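Notes follow the structure.
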Amino acid sequence: MDRITKSYLEVFRKEQSLTGLTESDLFEHFAAFCVVSSVYEEEFDISTVTVGGDGDLGIDGLAILVNGVLVDSVDAAQDLLTTNGFLDVKFIFIQAKTSSGFSGEQMMTFFDGVDEYFEETPTLPMNEQIKVSREIMQWIFNNSVKFKRQKPVLSMAFVTTGDWQSDDHLEAKVAKRREVLTKTGLFSQVVFEPYGADEIQAAYQRSKNNVTVEFSFASKVTLPEITGVTQAYLGVVPLKEYLTLITDQTGNIRKPLFYDNVRDFKGDNPVNDEIRATLEDKSGQQRFAVLNNGITLVTRGLKTTGNKFVVTDYQIVNGCQTSHVLFNAKASINEDTFIPLKVIDTADEDLITSIITATNRQTEVTADDLYATSSFQKKLEAFFNAYPDRKKLYYERRSMQYASVSGIEKVRIISKTLMLRSFAAMFLDDPHRAARYLSDLHGLVGSKVFNLEHKFEPYYAAAYGYYKLEFLFRNASIPVYYKPARYHLLMALRYVTAGEPTPLVSSNKVTKYANGIAEVLWSDNAATKAFSRAVEAVDAALNGAALTRDVIKTQAFTDAVKSAAKALAQTPTPTVV
């Protein structure tokens with residue numbers, strides 16, 4: 001392995017807190033992270049895409065993207081189908097070797113594993129992660145009537161530390177195996193990519209950068225000076241030029257760009273159908289600039305040279321529905337079709353929130369839609385930042401907010417989704433809902449979660465509990481067998497360390513209560529003991545039964561874990577050292 005790749009591996013090891021892995025296992029994680037990051041621009045848990053080990057079918061990394069979102073359960077995929085009304089799927093398989101060459105035999109073994117994965121009646125043994133992934137795959141094909149634009153895309157990456165050289169013999173063998181997979185009729189496209197040292201290093205570097213795009217904005221006017229705004233422009237751009245802003249290097253729509261948009265893409269509805277009909281009509285395309293309300297783009301970094309605009313760390317804060325319809329209809333768009341565009345360069349977070357709220361007034365926006373941009377989120381981020389050194393966590397209000405910040409352990413980054421789930425599990429006794437559909441929890445936003453009256457300490461304790469538990473999983477202090485029940489472990493931890501009654505989250509008493517939990521979590525020794533007792537509660541609730549994903553989704557299991565944890569709370573709390 002070359003020195004540059006080795007140095008990248010060590011940085012990656014520290015960022016991901018993967019201290020106990022061999023170089024070979026670490027490279028598998030590294031390769032999976034780099035390949036998936038090339039097509040998925042949000043933070044993700046590396047353990048959800050690494051499947052290497054016994055029963056791995058010769059596959060080291062496996063990711064399934066549904067509607068641009070990385071999913072790890074059938075429930076998550078179902079949630080996206082319910083929200084969007086369609087399925088747009090990509091399967092990603094990774095094989096990683098630390099060797100400096102590209103072995104034809106190893107490549108064919110990789111293809112064998114992928115073939116077996118998609119078999120209706122596979123015969124080879126498979127580990128639990130492969131089995132769970134296959135459940136998602138089978139659900140996807142069972143719902144094939146919901147494929148929107150095309151059948152799923154199958155992408156395979158073979159990663160080594162060498163230098164890929166074109167080899168006619170190898171390429172012929174690969175082409176033959178690709179053809180076999182294509183003839184199954186399951187995929188719209190089958191892609192095989194060899195990654196050498198240069199390619200994997202470049203992919204890792206791209207994962208560290210915020211999105212930066214250059215586009216031409218010729219038909220524009222400069223808006224007058226506005227307090228809090230560095231510069232702002234209003235005009236129209238060709239639709240094909242706009243597509244460069246919302247399409248990544250692999251040709252997919254950039255889902256994180258709409259992170260601050262208050263509504264996800266709703267698929268087929270009357271408004272989107274009207275936009276699509278307009279784009280399918282020649283006269284409608286010509287009039288599109290006056291028929292559509294346009295796009296609002298907010299950037300935290302804008303450089304202009306004449307008509308050339310370069311935007312960095314930007315969001316589409318209004319125009320989510322229009323953008324997705326445009327992306328889906330891009331093949332039929334003419335060169336002379338334009339769309340209104342407003343570009344605002346500002347770092348003023350309060351102003352950005354005001355822009356998001358104001359530009360989304362045309363349709364009903366509920367309180368939970370706007371939770372991502374509320375003042376509570378900003379205050380919570382500042383609260384997390386106030387903790388020093390080993391106690392510090394990073395609350396990610398915006399997608400890829402910390403991507404370009406060096407020296408941060410990725411496991412210390414807490415997204416809004418993780419925050420919502422962790423808090424609901426630890427302080428609302430809702431671990432079964434946290435483990436299921438995220439939409440189940442959205443109805444709590446503004447009342448039971450992210451309420452302006454709430455104290456911040458419980459949120460920090462829940463987030464630090466999630467971080468510490470993930471840390472213990474990664475260094476094998478807690479068996480990964482219990483990972484499906486991680487939200488139940490968070491609930492149990494609260495009972496075994498702090499007991500009852502739980503003060504109101506808006507009361508002053510909850511500050512001391514939550515700080516007591518945090519004190520235990522800050523100590524590796526005490527945290528390990530506390531989570532071990534939480535594991536005892538889960539074992540007691542199982543009563544000899546297997547820990548399955550179906551079990552953890554039930555209220556009955558939550559009640560059983562809670563009862564066992566309360567009983568364990570009668571024993572002494574672990575001493576903080």
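The values are calculated or read from the model by the stated rules, or taken from the named source; none is laboratory data. From a predicted model like this one, the values you see are computed outputs, not experimental measurements. Note that each Cβ is placed from the backbone with ideal geometry, even for glycine, and that neighbours are counted across all protein chains shown.
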Positions within region 150-165 being over 26 Å from residue 3 (Cβ atoms) and either in a loop (DSSP other than H, G, I, E, B) or of a type in the set (Gly, Ala, Ser) (or both), in sequence order = 150, 151, 152, 155
note = Of (1) closer than 21 Å to residue 391 by Cα; (2) without any contact (Cβ under 8 Å) to a residue 12 or more places away in the chain; (3) touching a Lys or Arg at 6+ places or on another chain (Cβ under 9 Å), residue 512 satisfies every one except (3)
task = Output the residues belonging to region 422-457 that are in a helix (DSSP H, G or I) and touching a Pro at 6+ places or on another chain (Cβ under 9 Å).
result = 423, 424, 425, 426, 427
ask   = In this structure, does residue 546 turn out to be in the same structural domain as residue 465 (by TED's automatic domain parsing) and either loosely packed, with under 15 Cβ neighbours inside 10 Å or part of a loop (DSSP other than H, G, I, E, B) (or both)?
value = yes
ask   = What are the residues in region 37-82 that are outside any loop (DSSP other than H, G, I, E, B) and in contact with a Gly (Cβ under 8 Å, 6 or more places away or on another chain), if any?
value = 50, 61
task = State all residues of region 19-31 that are touching a residue at least 60 places away in the same chain (Cβ under 8 Å) and either crowded, with 20+ Cβ neighbours inside 10 Å or among the aromatic types (Phe, Trp, Tyr) (or both); if no residue qualifies, say none.
result = 27, 28, 30, 31
request  = Among residues belonging to region 307-322 that are at pLDDT 90 or above and either within 20 Å of residue 279 (Cβ to Cβ) or not basic (Lys, Arg) (or both), point out the one that is farthest from the chain's Cα centre (by Cα).
outcome  = 307
request  = Could you run through region 127-150 and say how many residues are surrounded by 16 or more Cβ atoms within 10 Å (Cβ to Cβ) and over 18 Å from residue 74 (Cα atoms)?
outcome  = 0
key: Search result, residues across region 363-409 that are part of a helix (DSSP H, G or I), among the hydrophobic types (A, V, I, L, M, F, W, C) and modelled with pLDDT of 85 or more   = 380, 382, 383, 384
Among the candidates 228, 235, residue that is over 32 Å from the mean Cα position of the chain (by Cα), closer than 30 Å to residue 352 by Cβ and either not in a helix (DSSP H, G or I) or not assigned by TED's automatic domain parsing to the domain that holds residue 93 (or both) = 235
task = Test residue 42 against the stated conditions and say whether it is of a type in the set (D, E, K, R) and either surrounded by fewer than 16 Cβ atoms within 10 Å (Cβ to Cβ) or out of contact with any Ser or Thr (no Cβ under 7 Å at 6 or more places or on another chain) (or both).
result = no
query = Does residue 166 fit the bill of being under 21 Å from residue 24 (Cβ atoms), at pLDDT below 95, of a type in the set (Gly, Ala, Ser) and surrounded by fewer than 19 Cβ atoms within 10 Å (Cβ to Cβ)?
reply = no
request  = Enumerate the pairs (first residue in region 65-79 and over 12 Å from residue 133 (Cβ atoms) and among the charged types (D, E, K, R); second residue anywhere and in a helix (DSSP H, G or I) and modelled with pLDDT under 90) with beta-carbon separation below 8 Å, excluding pairs fewer than 6 apart on the same chain, so at least 6 apart or on different chains.
outcome  = 79/439
query = Any idea which residue in region 80-112 is nearest to residue 203 (Cα to Cα), counting only those that are without any contact (Cβ under 8 Å) to a residue 60 or more places away in the chain and either hydrophobic (A, V, I, L, M, F, W, C) or crowded, with 20+ Cβ neighbours inside 10 Å (or both)?
reply = 110
message = Quick check on residue 469: is it at pLDDT below 90, outside any loop (DSSP other than H, G, I, E, B) and within 20 Å of the chain's Cα centre (by Cα)?
response = no
ask   = Under 6 Å by Cβ, and 6 or more places apart or on different chains, what pairs join a residue from region 269-298 that is in the same structural domain as residue 346 (by TED's automatic domain parsing) and farther than 19 Å from residue 334 by Cβ with one that is of a type in the set (D, E, K, R) and surrounded by 12 or more Cβ atoms within 10 Å (Cβ to Cβ)?
value = 296/342
